[in-house]
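Chemist: Here it is, the structure, as structure tokens.
None of the figures in this text is laboratory data; all of them are computed from the coordinates on show. The shown structure was predicted, so the numbers you read here are calculated from the model rather than taken from an experiment. Glycine also receives a Cβ, built like all others from the backbone with ideal geometry; neighbour counts cover every protein chain displayed.
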């Protein structure tokens, strides 16, 4: 056992955060602490690290255990570059390396016994240097920095000039380079893009030490942890398994608690009714029996009513009008900032009812594209067309649409002046703002609270195209699940950017991957995207290996004409694929129209018309099946 927390309690004034929290972490175990915002997760980590004193209880760490702790916000100073700062994690090896160089210089000036003695010392130190990875440490440091999203060209940048998020990434890289026995990480995926998060997953999955993580990234937790410690209503409950296992077990446990409470309440009411009836008989024997039952009832250990955190938060998204089938069309879109080109020649279309996730590395231009589509930024070339009756609502991750000087009440009532005071308060209450919360200034809210206000305005918009930029930022897991459910029930169209892969997996019906200044589309959710992307990459690698082999053997060398012919063939294949997709879309729309006609009450008694519609549907379905097969052949 590497950590044992025994009956930890902590309060701030009258606000009790933790009560009798107990759990342990074994050597090499990977565990997560889960709970809503304000449940006390970061507080518990600070108590474990002895940055905060517990009011009661004890934290026991194994002797001689090295601990690495990543807080949510890190400050680094000292005038060093990124690489120099990261190398500090290898300080002992650096000292050995410097001593070895000094000894090498000294040996040139010595002879006889002194040289023999120094040579023996040198050999011992050199052996230790090799054992501690002295010849591989620079490669290891470079690999970890690159894995966490730094380019080699960034290594010489001064740390002081970096953003808070970049500094946190450097601090995380130093922890991973140092490889302590026990890693404690508070929101380690903040400030990382999807590829960096995937890299960190692989690193931590193979990490030999123990890991304790606080994170709202459920996909990340699913890949790494084997134990979840839930902080709920000030107490801790331990679940074995990853996040998905925890979610299932938690739901079953909550349902069992609810049933136990309900059944006990039923029994109490029944007993009270019997007692009241016995007393109403007004007979000595009946009264004694009633008193006996009352004593038994008083001795019953009452089951606490289960409290569902955030159960009152309600998001209902519903468009006021239905848009046309073609919602958004983007053709040949390009955007540069000075000499830096983000993307060029991007084309895609979105149809009604689709939930499209735009993904890509940090700096690829995802937020820029959303702002261009919303009309907040200009573009260099291309065309953006919205379909019939399309009404857009935009969720900005920086919440710039909120007015810092307004109160919550003013923000909502100015957005919808048709709502009366009671209706405005009901909207705020639906997003957990009650009582005097209505008169808080927007500028005084936390990031999570601003996110809830933006979601409230989104709900009031009644738009049929939602453009969402990182809508789950600052939301706890329960709030994310409520938003997921609302989006999955939403009948309009959604285009969103998110780093939350679990959220993408739950809500996306199509993925657009913005990579290397171009877009690659994948039908399906995030798991499907990973499967097809990996298969595509393997195919590209295999093709590259085959091409190198052919070049080496001097076989099948393409001349200029052959290359042009191959390029023309690829263009034709791409055009055929696009035409097939368009034909599929047309057939699907026609099939939808036929289905509506089939259910039209006006045709209910017209057997001839119904037969005609049915035949048309059968024929269209057969044509669709053929088109699907053609698309699959072309896509492969």
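Chemist: Along each of its three principal axes, how wide is the spread of alpha-carbon positions in the chain, in whole angstrom units, largest first?
Modeler: Taking the Cα atoms of the chain, the three principal extents are 115, 82, 48 Å.
Chemist: A further question follows. Testing the spin-label approximation: label points 7 Å from Cα along Cα→Cβ at residue 339 and residue 84. State their distance in nm.
Modeler: Each label point is offset 7 Å from its Cα along the Cβ direction, giving 2.6 nm.
Chemist: Based on alpha-carbon centroids, what's the gap between region 179-220 and region 443-491 in Å, whole number please?
Modeler: 26
Chemist: Can you give the helix-only mean residue ellipticity at 222 nm for the chain, where every DSSP H stretch with n ≥ 4 adds -39500 (n - 2.57) and the sum goes over all residues, rounded to the nearest 500 deg cm²/dmol? Display every interim value, and only then the final one.
Modeler: Details: 19 runs with 308 residues, N = 636.
-16000 deg cm²/dmol, from helical runs alone.
Chemist: To continue, here is another question. How many percent of DSSP beta bridges within the chain run antiparallel, rounded to 5?
Modeler: 55
Chemist: To the nearest 0.05, how large is the calculated FRET efficiency for residue 407 and residue 462 if R₀ is 22 Å and r is the Cβ-Cβ distance? Don't jump to the answer; show the numbers that get you there.
Modeler: Values: r = 23 Å, r/R0 = 1.06.
Calculated value: 0.40.
Chemist: Moving to a separate point now. Along the Cα→Cβ direction, 7 angstrom out, place labels at residue 588 and residue 362. What is the inter-label distance in nm?
Modeler: Each label point is offset 7 Å from its Cα along the Cβ direction, giving 3.5 nm.
Chemist: Please work out the FRET efficiency for the pair residue 73 and residue 532, using the Cβ-Cβ distance as r and a Förster radius of 56 Å; give the result to the nearest 0.05.
Modeler: Working: r = 37 Å, r/R0 = 0.67.
Result of the calculation: an efficiency of 0.90.
Chemist: Along the Cα→Cβ direction, 7 angstrom out, place labels at residue 572 and residue 139. What is the inter-label distance in nm?
Modeler: 4.7
Chemist: Multiplying the sequence separation of residue 626 and residue 489 by 0.36 nm and subtracting their Cα-Cα distance, what value in nm do you get?
Modeler: Details: separation 137, 0.36 × 137 = 49.32 nm, distance 3.09 nm.
Going from the current span to full extension adds 46.2 nm.
Chemist: Fewest to most neighbouring Cβ within 10 Å: what's the order for 19, 578? Walk me through the numbers before you get to the answer.
Modeler: Working: 19 18, 578 13.
Exposure proxy ranking, most exposed first: 578, 19.
Chemist: Continuing with the same structure: On the first, second and third principal axes, largest extent first, how far apart are the outermost C-alpha atoms of region 326-533 in Å?
Modeler: Here the spans come out as 50, 36, 33 Å, largest first.
Chemist: R0 = 22 Å: FRET efficiency of residue 126 with residue 91, Cβ-based, nearest 0.05?
Modeler: 0.75
Chemist: Please list, in order, the residues from region 88-102 whose amide nitrogen is less than 19 Å from a point placed 7 Å along the Cα→Cβ vector of residue 114.
Modeler: Once the point is set 7 Å along Cα→Cβ of residue 114, 100-102 turn out to lie under 19 Å by backbone N, inside region 88-102.
Chemist: Expressed as a rounded percentage, what relative contact order does region 80-177 have, with Cα pairs under 8 Å and six or more residues apart? Write out the running numbers ahead of the final one.
Modeler: Details: 62 pairs, mean separation 52.6, N = 98.
Computed over region 80-177, the figure is 54 percent.
Chemist: Starting from 0.36 nm per residue, how many nanometres of slack lie between residue 520 and residue 423 once their C-alpha separation is accounted for? Don't skip to the answer; put the middle values down first.
Modeler: Numbers: separation 97, 0.36 × 97 = 34.92 nm, distance 4.43 nm.
Extra length from residue 520 to residue 423 when fully extended: 30.5 nm.
Chemist: Also, I was wondering about something else. Suppose a student asked you for the relative contact order of the chain, using Cα pairs under 8 Å spaced at least 6 residues apart; what percent would you report?
Modeler: On the way: 934 pairs, mean separation 77.6, N = 636.
Normalised by residue count, the contact order of the chain is 12 percent.
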